[in-house]
Each structure stands twice: as C-alpha cells, then as structure tokens.
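S.K.: Structure below; questions to follow.
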Amino acid sequence: MKKVAEHLGVWGGSGSGKSTFLKEKIAKRKRVICLDPMGDWAFEKGFRSFKTKARMYSYMRENWHKGYKVVLLVDEVKTDPQALLIEVVTDIMYTIQKNYKDSNGAKDYEITLLIDELADFLPNITLKPSQMVLKRLMNKGRHYGVDVFGASQRIADVHLSFRANSTENFFFRQDEDVDRKRILGAIGREHRADLMSLGDHEYLNFKKGVVTKGKNKCNFKRRR
C-alpha cells in the first residue's frame, strides 16, 4: 500500500506552464486516466483517447499489465462534467481499484487520475453530498492506490474540497487578483512579491507549510 497518496493542485493562467509541468510529472507513470473537456491531452504522446467510458475501460483491461494512458473526451453539450466525475471516481473506487484496496496493495497497480480544467468538474459552488466523492477518494487515496492531479487556470473557481485536500500545490503565473488573494491566504502575504514576479514555466511550490521556488525542466515553445 502507498505510504502517502499524491494529490496535486496545479494553478496558473493560460500559457503559464502548468500543462508542461503535468506532462513532466506523469511522463514515467504507467497508468493514467485523464478527464479533459478541451481534448488537448488526446494529442499528447502515449495517450489514447475515447469518447465513451465503456470503450476506455475495455482498453484499460486489455492493457492492464503493461500499462495505459487514456483520455476520456468530455462532450460539454451532451455531458454534465460534474456527473461524469462522480461516475468515474465511483468506478475507480469500487471497480477499477477494488482488488488493490481489498489486498492492501498486494495485488494490482497504482494509478493516477488527471483532471484538466478542474473547475468544470468541481466548481466552487454548494455541492450535494453525492458530489463529494472526489474528496472521499482523496482522503482514502493510499488505500486505493490512486494519486489525483488537478489543474485549473482559476484556483478561486475550484471547490474547497479539492484545495483543502491537496498534499501539494504548484502556483504558476496568476492573471487575476482574486486568485492571487486566495493563494496568498494559504501561503502567506510575505510571498506576494515572489508570486507577482513569476514568469512562464516558473512556479511556487507549497507543501507542508513550506514555500519554495521552482521551474519546469523543459520550456516547450507551444504555450499551454
């Protein structure tokens, strides 16, 4: 069983480097499930995209031992992202990772759930109890062998249940004052100058009450 599950929040304006960071972070991970309303991850190397859960899960079963990186494309016209998140997280907890949990990690593999455009799936509004399923997964992540990575341009638009349960946060360039205030409320106003001075692909890392500066290893020309 995992000693500690990684739950990362990655926050920053368009082109700030958060997607580059996530690509670097998951490069060596063998099993990744991505939810992406924009469809960008479908074009990333090593990822296979699907329009339905059934086809995605079938592919995962076929490639369970050698690994997989899959993207579930979200049709925002036909699909409610909030309802879809509940479905996928429920499937992870009670079907996909059931053997891992029942065997205390002795059987099956750890996975990473990557949620891009997190505010679409978990907006900062009053949620029903059924919509708190991601919080339950994050609270019990190590028992299920699941790491959760969430990314959004606007931290203020994402529900507190994710922000409060992240084990680590990466703050890239912020374009809105309301987001800067939310971040400084967490890390301390003494870091305001560092936050304001961030360039593209630079970030502040906040973990266990400690703030450190960092930057992406690669500086991709494409702004994402």
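S.K.: For residue 72, only one of the following conditions fails: (1) within 21 Å of residue 137 (Cα to Cα); (2) among the aliphatic types (A, V, I, L, M); (3) in contact (Cβ under 8 Å) with a residue 40 or more places away in the chain. What is its number?
M.R.: (3)
S.K.: I'd like the full set of residues that are in a helix (DSSP H, G or I) and surrounded by 12 or more Cβ atoms within 10 Å (Cβ to Cβ), limited to the stretch 43-57. Working first, answer last.
M.R.: Pass one, the stretch 43-57, residues in a helix (DSSP H, G or I): 43, 53-57.
Of everything in the stretch 43-57, those that are in a helix (DSSP H, G or I) and surrounded by 12 or more Cβ atoms within 10 Å (Cβ to Cβ) turn out to be 53, 55, 56, 57.
S.K.: Filter the stretch 59-86 down to residues that are of a type outside the set (Ser, Thr, Tyr) and farther than 30 Å from residue 13 by Cβ, then give me how many there are.
M.R.: Just the residues of the stretch 59-86 that are of a type outside the set (Ser, Thr, Tyr), to begin with: 60-67, 69-78, 80-86.
Narrowing further to those that are farther than 30 Å from residue 13 by Cβ: 60-67.
Within the stretch 59-86, residues that are of a type outside the set (Ser, Thr, Tyr) and farther than 30 Å from residue 13 by Cβ number 8.
S.K.: Moving on to the next point. All but one of (1) over 30 Å from residue 182 (Cβ atoms); (2) outside any loop (DSSP other than H, G, I, E, B); (3) of a type outside the set (Asp, Glu); (4) in contact (Cβ under 8 Å) with a residue 12 or more places away in the chain hold for residue 64; state the number of the condition that does not hold.
M.R.: Only one criterion is unmet by residue 64, namely (2).
S.K.: To continue, here is another question. Any residue that is of a type in the set (Asp, Glu) and over 17 Å from the mean Cα position of the chain (by Cα) - is there at least one of those in the stretch 41-61? Working first, answer last.
M.R.: Let us first name the residues in the stretch 41-61 that are of a type in the set (Asp, Glu), namely 44.
Now restrict to residues that are over 17 Å from the mean Cα position of the chain (by Cα): none.
Taking every residue of the stretch 41-61 in turn, none turns out to be of a type in the set (Asp, Glu) and over 17 Å from the mean Cα position of the chain (by Cα).
S.K.: Which numbered condition in (1) surrounded by 20 or more Cβ atoms within 10 Å (Cβ to Cβ); (2) of a type outside the set (Val, Ile, Thr); (3) touching a strand residue (DSSP E or B) at 6+ places or on another chain (Cβ under 7 Å); (4) part of a loop (DSSP other than H, G, I, E, B) is the only one that residue 16 fails?
M.R.: (3)
S.K.: Would you be able to say whether some residue in the stretch 29-38 is in a loop (DSSP other than H, G, I, E, B), touching a residue at least 12 places away in the same chain (Cβ under 8 Å) and more than 26 Å from residue 123 (Cα to Cα)?
M.R.: Quick first cut of the stretch 29-38, residues in a loop (DSSP other than H, G, I, E, B) only: 29-30, 37-38.
Of the ones still in play, those that are also touching a residue at least 12 places away in the same chain (Cβ under 8 Å) are 29-30, 37-38.
Narrowing the set further to residues that are more than 26 Å from residue 123 (Cα to Cα) leaves 29-30.
Looking for residues that are in a loop (DSSP other than H, G, I, E, B), touching a residue at least 12 places away in the same chain (Cβ under 8 Å) and more than 26 Å from residue 123 (Cα to Cα), one finds at least one in the stretch 29-38, hence yes.
S.K.: Select from the stretch 141-195 the residues that are in contact with an Asp or Glu (Cβ under 7 Å, 6 or more places away or on another chain) and of a type in the set (Ser, Thr, Tyr) and write down the one among them that is nearest to residue 85 (Cα to Cα).
M.R.: Among those residues, the one meeting the criterion is 152.
S.K.: To continue, here is another question. So residue 106 fits all but one of (1) at pLDDT below 95; (2) touching an Asp or Glu at 6+ places or on another chain (Cβ under 7 Å); what number is the exception?
M.R.: (2)
Quick grid of which residues meet (1) within 13 Å of the chain's Cα centre (by Cα); (2) in contact (Cβ under 8 Å) with a residue 24 or more places away in the chain; (3) within 29 Å of residue 71 (Cα to Cα):
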| site | (1), (2), (3) |
| --- | --- |
| 137 | yes, yes, yes |
| 156 | no, yes, yes |
| 188 | no, no, no |
| 192 | no, no, no |
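S.K.: When you check residue 3 against the structure, is it touching a residue at least 12 places away in the same chain (Cβ under 8 Å), touching a strand residue (DSSP E or B) at 6+ places or on another chain (Cβ under 8 Å) and either of a type in the set (Lys, Arg) or surrounded by fewer than 19 Cβ atoms within 10 Å (Cβ to Cβ) (or both), yes or no? Steps first, please.
M.R.: Working: touching a residue at least 12 places away in the same chain (Cβ under 8 Å): yes; touching a strand residue (DSSP E or B) at 6+ places or on another chain (Cβ under 8 Å): no; either of a type in the set (Lys, Arg) or surrounded by fewer than 19 Cβ atoms within 10 Å (Cβ to Cβ) (or both): yes.
When the stated conditions are applied, residue 3 does not pass them.
The values are calculated or read from the model by the stated rules, or taken from the named source; none is laboratory data. No experiment lies behind these values; they were computed from the predicted model shown. No Cβ is skipped: glycine too gets one built from the backbone with ideal geometry, and neighbour counts run over all protein chains shown.
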